[in-house]
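Only one structure is covered here, and it is reproduced in the block below.
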Amino acid sequence: TVCTPKKPKCSICPVRDHCRAFATDQVEAYPERKKPKTWLDVEERVHAIRDASGRWLLRKRGEGEWRAGLWDFPEEAPQALQSKLKKALLGEVEARYVVTRHRVRRRVAVYETSLPRDAWSASEWAWWSPSDPALGAGSAFRKSLLRLRERWPEL
């Protein structure tokens, strides 16, 4: 609060008598400026698959994955669905967000299908309804869902 990069308050500084920057009249050079962040651009592509009853197919991210333990739209549709999804594509939305030094561009392909919900019973897959608030999901999923609702309010 005293020794700041812009307009340091040397007159009230308790260590001014021992300060090399003050003694050499270089107070504007200290503390040294931080290096600018090195941004990493990340591209994500996920599939938002909605069934006839309004539920979304989600996958729990596994250990070692980014956002491990959180529910999200899957990056790949289940094998059994892939041939049926081409006909069910509604369109695509994009969400952008920042995580630490990552600038993420997330493209979400949106599908609506009438497949049975019990086709995937593995613990990493689940059908989720927006009326069910109990979901361990991160901000990436929530931003994607917001973009979906902006484009298709009826979903």
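Short version: what are the Cα gyration tensor semi-axes of region 1-45, square root of 5 times each eigenvalue, largest first, in whole Å?
Details: eigenvalues 252, 22, 10 Å².
Over the Cα atoms of region 1-45, the semi-axes work out to 35, 11, 7 Å.
Note down the accessible area of Trp125, probe 1.4 Å, to the nearest 10 Å².
Roughly 40 Å² of Trp125 is accessible to a 1.4 Å probe.
Spin-label point model (7 Å from Cα, Cβ direction): what's the Arg142 to Thr113 distance in nm?
Computed distance between label sites Arg142 and Thr113 equals 2.8 nm.
What spacing in nm lies between the two simple spin-label points modelled at Leu135 and Arg105, each 7 Å away from Cα in the Cβ direction?
Rounded to a tenth, the inter-label distance reads 2.6 nm.
Ignoring ligands and nucleic acids, what accessible area does Glu44 show with a 1.4 Å probe (Å², nearest 10)?
Using a 1.4 Å probe on the heavy atoms, I get roughly 20 Å².
Starting from the 7 Å offset along Cα-to-Cβ, what nm value, one decimal, do you get for the label separation of Ser11 and Glu124?
With each label placed 7 Å out from Cα toward Cβ, I get 6.4 nm.
Would you rank Val108, Val42, Val98 by solvent-accessible area, highest first, keeping every protein chain in place and using a 1.4 Å probe?
Of Val108, Val42, Val98, the descending order of accessible area is Val98, Val42, Val108.
Between Lys86 and Asp41, 0.36 nm times their residue separation minus their Cα-Cα distance comes to what?
Gain in length upon complete extension: 13.4 nm.
For Asp17, Asp132, Asp41, Asp51, what's the largest-to-smallest order of accessible area, 1.4 Å probe? Kindly include the intermediate steps, with their values, before the conclusion.
Details: Asp17 140, Asp132 65, Asp41 115, Asp51 5 Å².
I get Asp17, Asp41, Asp132, Asp51, largest accessible area first.
Give the Cα extents of the chain along the principal axes, in whole Å, largest first.
Taking max minus min along each principal axis of the Cα atoms, the chain gives 77, 28, 27 Å.
On the full set of protein chains, 1.4 Å probe, figure out the accessible area of Thr1 and give it in Å² to the nearest 10.
Its heavy atoms expose roughly 150 Å² to the probe.
Give me the Debye-computed log₁₀ of I(q)/I(0) at q = 0.30 Å⁻¹ for region 44-103, equal point scatterers on Cα only, no solvent, two decimals.
Once normalised to I(0) and log-transformed, intensities are -1.40.
Which one, Phe22, Phe73, Phe141, has the greatest fluctuation when you compute a Gaussian network model over the chain with C-alpha springs under 10 angstrom?
Per the Cα network of the chain with a 10 Å cutoff, Phe22 tops the list.
Only bridges with both residues in region 1-123 count here: give the DSSP antiparallel percent, nearest 5.
55 percent
Of Tyr30, Tyr97, which has the most accessible area with a 1.4 Å probe, and how do the rest follow in descending order?
Tyr30, Tyr97
Enumerate the lysines that Lys9 could reach by cross-link, defined here as Cα to Cα under 22 Å, with residues fewer than 8 away along the same chain left out.
Straight-line reach from Lys9, under 22 Å: Lys34.
Using a cut-off of 13 Å between alpha-carbon atoms, which aspartates and glutamates can reach Lys87, once sequence neighbours fewer than 8 places away in the same chain are excluded?
Of all the aspartates and glutamates, those that pass the test against Lys87 - Cα under 13 Å, at least 8 places apart if same chain - are Glu112.
With loop defined by DSSP as not H, G, I, E or B, and exposure as at most 15 other Cβ atoms within 10 Å, which is the longest segment of the chain clear of exposed trypsin sites (Lys or Arg not before Pro)? Numbers along the way, then the final one.
Details: sites that count: Lys6, Lys9, Arg33, Lys34, Lys37, Arg67, Arg101.
Longest gap between qualifying sites, sites excluded: 102-155.
The values are calculated or read from the model by the stated rules, or taken from the named source; none is laboratory data. None of the values given here were measured: they were computed from a predicted structure. Note that we place each Cβ from the backbone using ideal geometry, even for glycine, and neighbour counts take in every protein chain shown. Protein only, heavy atoms only, side chains kept; ligands, DNA and RNA dropped before computing areas. Shrake-Rupley method; radii C 1.70, N 1.55, O 1.52, S 1.80 Å.
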